[in-house]
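Have a look at the structure below before the remarks.
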Amino acid sequence: MSEPTTTSQPDEQGTADRGANRSHRPGSTAFKNFVMSQWAPRAELGLTASPDAQYTVARRAALSERLPGMRLVIPAGSLKTRSNDTDYRFRPHSAFAHLTGLGTDHEPDAVLVLHPVEDGAGDGGSNHHAVLYVRPLAPRDNEEFYADARYGEFWVGARPSLADVEALTGIEARHIDELGDALAKDVGDGGVHLLVVTGADDAVESLVEELRLEAGEDEDAVTDETLVEATSELRLIKDEHEIEQMREAVARTIEGFEAVVRALPRAVEHRRGERVVETTFDGHARLEGNAVGYETIAASGEHATTLHWIRNDGEVRSGDVLLLDGGVEVDSLYTADITRSLPVDGEYTDVQRKIYQAVLDAADAAFAVAKPGAKFRDVHAAAMEVIAARLEEWGFLPDGVTAADALSDDGQQHRRWMVHGTSHHLGLDVHDCAQARRELYLDGVLEPGMVFTIEPGLYFKADDLAVPEEFRGIGVRIEDDVLVTADGNENLSAALPRRPEDVEAWMASLR
């Protein structure tokens, strides 16, 4: 079929502007005048101080004490593109959330700045005064009201005003348009040094770098990495409100596990049973919290031997062990992180129980040493002693290799079946405090208020010729969330059964 001959003019519209070609919004003066008129007064949002506000003052003061004289820039981050012109649901950067108390989807493009002041003249007697730079609700005689798909009230709902932000956070709020001048003030040789939390907002990072270059800041001065490190290390020990939020996240997560057990018959029937598990848990997280704290691992059978199996597109078969690793993130953005390895039929086979008991014994050994004064690395070491001993007992270690040999730095053969670590800090991020220095994390001494996981496992892949056939295709992990107390520890997730017989009884009670 022949094409008709046409004469066309070159398209002078740039590709960046073509996304608006689908728009049919009127541009007439009559439309603009009418759409911005005859509105009733806006109802007040009625925001009051968040429960976090009284705690964030102390958190900011601790950061101020660590970096006196510096202007500290902590962005919330911007909306992230999912595809073309659609964005992911917004979640603020964890450092921003920790220091402001703003959770859920508050507040894209906002920036917290700690401005240095005279010693002790700042907020709460600190050396800094905090200001939140935000984009407030636009008045209805502003085109943003109806025309801006990212910020307009017609598109995303009413945004908080500056007064609302101040009421919610207890922090002075200013318009985001003032940010550039505020950051530039007194920056330069002999003046204020700028530090920004990197990885949160590229535009803010670029602005800070531009201001540094213009002011000729000393390149040998304290770096942004110092601020990133400090905001991460601030979260190593949780305050009482954070611990309360962790308890809430754990409670909601346990409810999600219960929902999954009830849904297992439906999962077995579906060709993508793992998706039934995933959506059951994720739907619960969205209903009872903000979202999941990380992508749910719903791994059945052989998939359970893949540590971060999040494709979740496989079957859930009778006779399998389902490894469910999930965490509900509550509205404050604190998340739980719990794993149970569940027999799909409600009862473990002899081999499954044997593996499960070994992992449970390793977890119990880790709990026994997780107390103040111990090192973080001691928790892992205790679990590994049990894992290595059990693998030696089963004859899985190479010929002539004992558990003691395997535990040596030159050995480590037992790690073939557990390549991950036993613990990680937990809080606003599922892997919280990740930028903390090694001496405060892996080599750090446990203190009351620390929250972390204990999660040993054993994973025998289907094609692993180093183990007997009956072990192949079975993966087991048991993960609990642990609070270090003054005299030991508390298993925050203890309400979710751990012993194999208790798991079976619990599952039976839910069916």
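Just to be sure I understand the filter: pairs with C-beta atoms under 7 Å, separated by 6 or more residues or on different chains, first member in region 302-325 and more than 16 Å from Val276 (Cβ to Cβ) and open to solvent by less than 10 Å² (accessible area, probe 1.4 Å), second member modelled with pLDDT under 95 and outside any loop (DSSP other than H, G, I, E, B). Which pairs pass?
Between residues of region 302-325 that are more than 16 Å from Val276 (Cβ to Cβ) and open to solvent by less than 10 Å² (accessible area, probe 1.4 Å) and residues that are modelled with pLDDT under 95 and outside any loop (DSSP other than H, G, I, E, B), there is no close pair.
With in contact (Cβ under 8 Å) with a residue 12 or more places away in the chain, over 22 Å from Val328 (Cα atoms), open to solvent by less than 20 Å² (accessible area, probe 1.4 Å) and not in a strand (DSSP E or B) as the only criterion, which of Ala508, Ala466, Ala436, Ala462 stands out?
Ala436
Looking at this structure, is Gly69 touching a residue at least 40 places away in the same chain (Cβ under 8 Å), open to solvent by 20 Å² or more (accessible area, probe 1.4 Å), on the phi > 0 side of the Ramachandran plot and more than 16 Å from the chain's Cα centre (by Cα)?
yes
Is there a residue in region 270-282 that is open to solvent by 50 Å² or more (accessible area, probe 1.4 Å) and in a helix (DSSP H, G or I)?
yes
Among (1) assigned to a loop (DSSP other than H, G, I, E, B); (2) among the hydrophobic types (A, V, I, L, M, F, W, C); (3) in contact with a helix residue (DSSP H, G or I) (Cβ under 6 Å, 6 or more places away or on another chain); (4) buried (at least 18 other Cβ atoms within 10 Å of the Cβ), which single condition is Ala149 missing?
Result: Ala149 passes all but (4).
What number of residues within region 381-396 are crowded, with 20+ Cβ neighbours inside 10 Å and either closer than 19 Å to Gly475 by Cβ or at pLDDT below 95 (or both)?
8
Of the residues that make up region 354-362, is at least one acidic (Asp, Glu), buried (at least 24 other Cβ atoms within 10 Å of the Cβ) and either under 30 Å from Val445 (Cβ atoms) or in contact (Cβ under 8 Å) with a residue 12 or more places away in the chain (or both)?
First pass over region 354-362, keeping only residues acidic (Asp, Glu): 361.
Now restrict to residues that are buried (at least 24 other Cβ atoms within 10 Å of the Cβ): none.
No: zero hits.
Identify, by number, the condition in (1) buried (at least 20 other Cβ atoms within 10 Å of the Cβ); (2) touching a strand residue (DSSP E or B) at 6+ places or on another chain (Cβ under 8 Å); (3) of a type outside the set (Val, Ile, Thr) that Ala403 doesn't meet.
Ala403 satisfies every listed condition except (2).
The values are calculated or read from the model by the stated rules, or taken from the named source; none is laboratory data. Note that this is a predicted model, so its numbers are computed, not measured. For neighbour counting, all protein chains shown are included, and Cβ atoms are generated from backbone atoms with ideal geometry for every residue, glycine included. Just the protein is used for accessible areas: all its heavy atoms, side chains included, with ligands, DNA and RNA removed. Shrake-Rupley method; radii C 1.70, N 1.55, O 1.52, S 1.80 Å.
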